[in-house]
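Read through the structure below, which is laid out as structure tokens, and then see the notes.
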């Protein structure tokens, strides 16, 4: 992972946000190559899910034909959206503060282990990636022991998270950065939404929130989409956009960030068919990752246990990837596919408007307790063929564009041994991106800077540039230029050499197989496009 992070910085895939000022934790900037890679991930998703979709026939595994459309909703929405959706009240993480260091930690992400020495029993904690090693070091510091006295510490039980010990035992916890025992507070809820102010007055009445997910923009526009188009159910509405979550402890490169991009579909269908549609999207979304190079044991599809499910969900599955920063055998979520029932549309319908003053009235249940205050709008669907009216069920495939990009980076990184220009074996670093996702599709390389080769190479470069991202490079030895392109993941190199001057062919070199074939100059564009699409 350290090698990959170094490559991302050196080659311009990812930079720490505001780096010249020391950086801002939880925020990342995509460099020249990174922005192309992430854009390719998003465009492949949009093409496969939306614009390339055939509404006239049922795809493999689908219960019936369906339609797909897109939306682009605002980042700031009416505050009531988040109260009705439950985010305002329930979108929280529990956190603990350290009275000594003034640092804040997510309760379930602090790891620790019980230790005894010098007649004291202490829960030694850490938030480091190499958690066991750090806990051992922290234990020595806690008991004021030297390395040679490490055997005086008696460790009790395995490493576990802080939330697994009793709250009253927090007084015996040695905080991750503290010098004293017992400095951690009891856990309390911390709302993850970013708060902002809309308008010039800046009063609390003008408070709003940056969206923590893109899904609600689709739900509140469901009726608008139906009324403004000729679409019928089953229907998928897709959106790609930024979301924001005020994570307590962002970590693991771009895996857990405070600003991130989502690729979401809300698929609306008849309640009687929702189970079949859930199975369809569950299988299809997993296949999308394998088709683009995430394969083998590092990628799994995990169904949630019943006790993991949200109260409204009858089924959820996660596409997970074994990121190299995770402990052996652990996986990180790339995408969740959830059967959400009719919960979201029903929540936004509950409540009614007072025709006199238009404020939302609070509905109460049979016990007199207030329930959700919805829009009062009818978000049901009427089938114009059968005249049946119902509240659609929703299947939600929700993917992280940043997490997917990170997974493709991790999977692509490879080292092998190859001979250099002089025949000496050297380690080659190569990013084996799927050609469809590679930031640069081809590199045009004149063998030497004379004999008319650069002129032919520049003409070829200009022709290709109109079709796809390509690079032109005439500096240094050809072997070194090949290595440079391998390191940024360029799948094909096109070399203009002496034979080009004779028969108008170029050498096409494959990044992965290292196979070299001759291709006619006039056929280069179609050859590269065919290999990328294939």
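The values are calculated or read from the model by the stated rules, or taken from the named source; none is laboratory data. Computed from a predicted model, the values in this text were never measured in an experiment. In this analysis, Cβ positions are derived from the backbone assuming ideal geometry, glycine residues included, and neighbour counts consider all displayed protein chains.
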For residue 384, which of the numbered conditions (1) in contact with a helix residue (DSSP H, G or I) (Cβ under 9 Å, 6 or more places away or on another chain); (2) under 30 Å from residue 232 (Cβ atoms) fails to hold? (1)
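How many residues are out of contact with any strand residue (DSSP E or B) (no Cβ under 8 Å at 6 or more places or on another chain), closer than 25 Å to residue 288 by Cβ and either at pLDDT below 95 or assigned to a helix (DSSP H, G or I) (or both) when one looks only at region 412-433? Full working, then the answer.
Taking region 412-433 and keeping what is out of contact with any strand residue (DSSP E or B) (no Cβ under 8 Å at 6 or more places or on another chain), we get 421-424, 433.
Then drop every residue that is not closer than 25 Å to residue 288 by Cβ, which leaves 433.
Checking which are either at pLDDT below 95 or assigned to a helix (DSSP H, G or I) (or both) leaves us with none.
Of the residues in region 412-433, 0 are out of contact with any strand residue (DSSP E or B) (no Cβ under 8 Å at 6 or more places or on another chain), closer than 25 Å to residue 288 by Cβ and either at pLDDT below 95 or assigned to a helix (DSSP H, G or I) (or both).
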Scan region 450-473 residue by residue and report those that are over 23 Å from residue 435 (Cα atoms) and outside any helix (DSSP H, G or I). 450, 451, 452
Strands (runs of 3 or more DSSP E) wholly inside region 1-102 containing at least 3 residues that are in contact (Cβ under 8 Å) with a residue 24 or more places away in the chain and surrounded by 14 or more Cβ atoms within 10 Å (Cβ to Cβ): 67-70, 92-97
Note: among 406, 494, just one is assigned to a helix (DSSP H, G or I) and either modelled with pLDDT of 95 or more or on the phi < 0 side of the Ramachandran plot (or both), namely 406
Determine if region 248-267 includes at least one residue that is part of a loop (DSSP other than H, G, I, E, B), within 21 Å of the chain's Cα centre (by Cα), in the same structural domain as residue 48 (by TED's automatic domain parsing) and free of Cβ contacts under 8 Å to residues at least 40 places away in the same chain. no
Being more than 25 Å from residue 401 (Cβ to Cβ), touching a strand residue (DSSP E or B) at 6+ places or on another chain (Cβ under 6 Å) and at pLDDT below 95: is that true of residue 97 here? yes
Within the set of pairs 6+ apart or on separate chains, which have a first residue in region 269-289 that is under 13 Å from residue 48 (Cα atoms) and not assigned by TED's automatic domain parsing to the domain that holds residue 60, a second that is at pLDDT 95 or above and surrounded by fewer than 21 Cβ atoms within 10 Å (Cβ to Cβ), and C-beta atoms under 6 Å apart? none
Can you spot a residue in region 267-280 that is under 21 Å from residue 300 (Cα atoms), at pLDDT 95 or above and touching a strand residue (DSSP E or B) at 6+ places or on another chain (Cβ under 7 Å)? yes
Every listed condition ((1) surrounded by 15 or more Cβ atoms within 10 Å (Cβ to Cβ); (2) touching a residue at least 40 places away in the same chain (Cβ under 8 Å); (3) outside the structural domain of residue 223 (by TED's automatic domain parsing)) holds for residue 121 save (1)
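What about residue 198, is it outside the structural domain of residue 332 (by TED's automatic domain parsing), in contact with a strand residue (DSSP E or B) (Cβ under 6 Å, 6 or more places away or on another chain) and either surrounded by fewer than 19 Cβ atoms within 10 Å (Cβ to Cβ) or within 20 Å of residue 70 (Cα to Cα) (or both)? Outline the logic, then answer.
On the way: outside the structural domain of residue 332 (by TED's automatic domain parsing): no; in contact with a strand residue (DSSP E or B) (Cβ under 6 Å, 6 or more places away or on another chain): yes; either surrounded by fewer than 19 Cβ atoms within 10 Å (Cβ to Cβ) or within 20 Å of residue 70 (Cα to Cα) (or both): yes.
So residue 198 fails the test.
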Check region 161-168 and report whether any residue there is touching a residue at least 24 places away in the same chain (Cβ under 8 Å), outside the structural domain of residue 346 (by TED's automatic domain parsing), surrounded by 17 or more Cβ atoms within 10 Å (Cβ to Cβ) and under 19 Å from residue 190 (Cβ atoms). yes
Note: among 514, 501, just one is in a helix (DSSP H, G or I) and touching a residue at least 40 places away in the same chain (Cβ under 8 Å), namely 501
Residue 211 vs (1) under 19 Å from the mean Cα position of the chain (by Cα); (2) closer than 27 Å to residue 380 by Cβ; (3) modelled with pLDDT of 95 or more: all pass except (3)
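Every residue, every condition in (1) surrounded by 13 or more Cβ atoms within 10 Å (Cβ to Cβ); (2) outside any strand (DSSP E or B); (3) touching a residue at least 12 places away in the same chain (Cβ under 8 Å); (4) in the same structural domain as residue 102 (by TED's automatic domain parsing), yes or no:
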site: 209; (1), (2), (3), (4): yes, no, yes, no
site: 219; (1), (2), (3), (4): yes, yes, yes, no
site: 227; (1), (2), (3), (4): no, yes, no, no
site: 236; (1), (2), (3), (4): yes, no, yes, no
site: 239; (1), (2), (3), (4): yes, no, yes, no
Let me spell it out: the conditions are (1) touching a strand residue (DSSP E or B) at 6+ places or on another chain (Cβ under 7 Å); (2) in contact (Cβ under 8 Å) with a residue 40 or more places away in the chain, and residue 134 meets all of them except one. Which number is the exception? (2)
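Step by step: first the residues of region 237-252, then only those that are closer than 30 Å to residue 324 by Cβ and in contact with a helix residue (DSSP H, G or I) (Cβ under 6 Å, 6 or more places away or on another chain), then the one that is modelled with the highest pLDDT. Which residue is that?
Result: 240.
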